[in-house]
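Chemist: Here it is: the structure, laid out below.
The values are calculated or read from the model by the stated rules, or taken from the named source; none is laboratory data. Every value quoted in this text rests on a predicted model; they were computed, and no experiment measured them. When we count neighbours, we look across all protein chains shown, and the Cβ atoms used for this are built from the backbone with ideal geometry, even at glycine.
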Amino acid sequence: MRIGIDARMYGSGFTGIGRYTFELIRNLAEMDTVNEYVIFLRKESFNAFNPPNERFTKVLADFPHYSFAEQFGFKKLLNKTALDLMHFCHFNAPIFYKKPYIVTVHDLTLSFFPGKKFNSFWRRLAYRIVLKKVTNRARKIITVSRHTKKDLQKMYNIPDEKISVIYNGVNPEFGEKSETLKADLMKRLGLQKPFFLYTGVWRDHKNIVGMIKAFAEMNKDLGNQYNLVITGKHNPSYNEIPNTVKELGLEDDVHLVGLVSEDDLKCLYQHALAYVFPSFYEGFGLPPLEAMQCGTPVIASNKSAIPEVCGEGNALFFDPYNIDDMKEKMHIIATDASVRQHLVNAGFERVKIFDWGEMTSSVLNIYNQTG
């Protein structure tokens, strides 16, 4: 078959969908010696992407997500490309594309937490129309958790047999420690204390403000012995994070370090006292697993797919709507070395079930069954 992959979010870092697409393509190149692949990329990724072998070709598809160009320009390009099957790695696909395709739905965050960009009636309407049409016309739907499958079925009454749950994987490279890199990184970021870590985008459903408030109370109780490191690109429409740091006088204790390189990200994971994942909603939640791979204890929200992914007993869970509960779990991690070690050991066992190769093999089976 000639299979198309929508890789407009392609990338090895910083977004879950980017990582998913990156690992899917990388592993398909290693395990599939039969099918041919056409990779559709935005301009920046197109220039950087080198097809891994002769069965892969790249096509420029510089159409912004959630746009008219995506709906009509991308559809026209797909129709011109001779494909037996198309894989949309995210639900934002041309709703009038009628050739065979499958779609991966990572989460339904915008259904529950539309945020400031999707606060207009028309944007929310367009989102619902696209999601409903794309999932309805898909030959097969992949979700990355049972929780997302359940949400999707509840909203759109999709038959059970049409949806396959295929978990994401974890990159084993996250476990390779470097003390030299740690010393350099701590100096560059101005870190002089043991630190809690959050990585990811800045959006309201991530509950970062709640985490900062819980950390502030915990740190005050323990004599300001700790730092909190928050990575991620500053979102101009979400100034609540830097504003909260300033209002609480936490400039010396909370470090907003922006986007970091892959090596720096691994180093932060590896040397954090604990990783904190305070989200109100997640369709999967890759960062806690990356932290576990690094041997770092995880403190996590008990909502949505997070308990399913982290697994019972492998993280300290808290109610993300309860600041005192989050504070208490941070306090336990900070003061009880035996709990930290238990979570480290449990985390190492948990991540063994999440493998990008197995994920890709399951997706490839769907290609071969559907095309």
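Chemist: If Phe195 meets every condition in (1) over 27 Å from Cys310 (Cβ atoms); (2) at pLDDT 90 or above apart from one, which number is that one?
Modeler: So the condition that Phe195 fails would be (1).
Chemist: Would the range 164-182 turn up any residue that is at pLDDT 95 or above and either of a type in the set (Val, Ile, Thr) or in a helix (DSSP H, G or I) (or both)?
Modeler: yes
Chemist: Only one residue in Asn219, Asn227 is farther than 18 Å from Lys182 by Cα and in the same structural domain as Arg188 (by TED's automatic domain parsing), so which one is that?
Modeler: The unique qualifying residue is Asn219.
Chemist: Within the range 329-345, restricting attention to residues that are farther than 15 Å from Phe196 by Cα and out of contact with any Pro (no Cβ under 9 Å at 6 or more places or on another chain), which residue is surrounded by the most Cβ atoms within 10 Å (Cβ to Cβ)?
Modeler: Asn345
Chemist: OK, next. Kindly list the number of the only condition in (1) touching a residue at least 40 places away in the same chain (Cβ under 8 Å); (2) of a type in the set (S, T, N, Q); (3) more than 30 Å from Ile166 (Cα to Cα) that fails for Ser279.
Modeler: (3)
Chemist: Can you name the condition, by its number, that Arg26 falls short on among (1) of a type outside the set (Val, Ile, Thr); (2) part of a loop (DSSP other than H, G, I, E, B); (3) within 23 Å of Pro287 (Cα to Cα)?
Modeler: If we test Arg26 against (1) of a type outside the set (Val, Ile, Thr); (2) part of a loop (DSSP other than H, G, I, E, B); (3) within 23 Å of Pro287 (Cα to Cα), just (2) comes out false.
Chemist: Oh, and also: Where in the range 228-315 are there helices (runs of 4 or more DSSP H), lying wholly inside it, with at least 1 residues that are buried (at least 23 other Cβ atoms within 10 Å of the Cβ)?
Modeler: Once the helices (runs of 4 or more DSSP H) in the range 228-315 are filtered for at least 1 residues that are buried (at least 23 other Cβ atoms within 10 Å of the Cβ), what remains is 262-271, 286-293, 306-310.
One line per residue, one yes/no per condition, for (1) of a type outside the set (A, V, I, L, M); (2) over 22 Å from Leu286 (Cα atoms); (3) in contact (Cβ under 8 Å) with a residue 60 or more places away in the chain; (4) in contact with a Ser or Thr (Cβ under 8 Å, 6 or more places away or on another chain):
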position	(1), (2), (3), (4)
Ser301	yes, no, yes, yes
Glu308	yes, no, yes, yes
Leu316	no, no, no, no
Lys327	yes, yes, yes, no
Asp336	yes, yes, no, no
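Chemist: While we're looking at this one, here's another question. Residue by residue through the range 194-220, note down the ones that are in contact with a strand residue (DSSP E or B) (Cβ under 9 Å, 6 or more places away or on another chain) and under 15 Å from Ala300 (Cα atoms).
Modeler: Residues satisfying the conditions are Phe196, Leu197, Tyr198, Thr199, Gly200, Lys206, Asn207, Ile208, Met211, Ile212, Ala214, Phe215.
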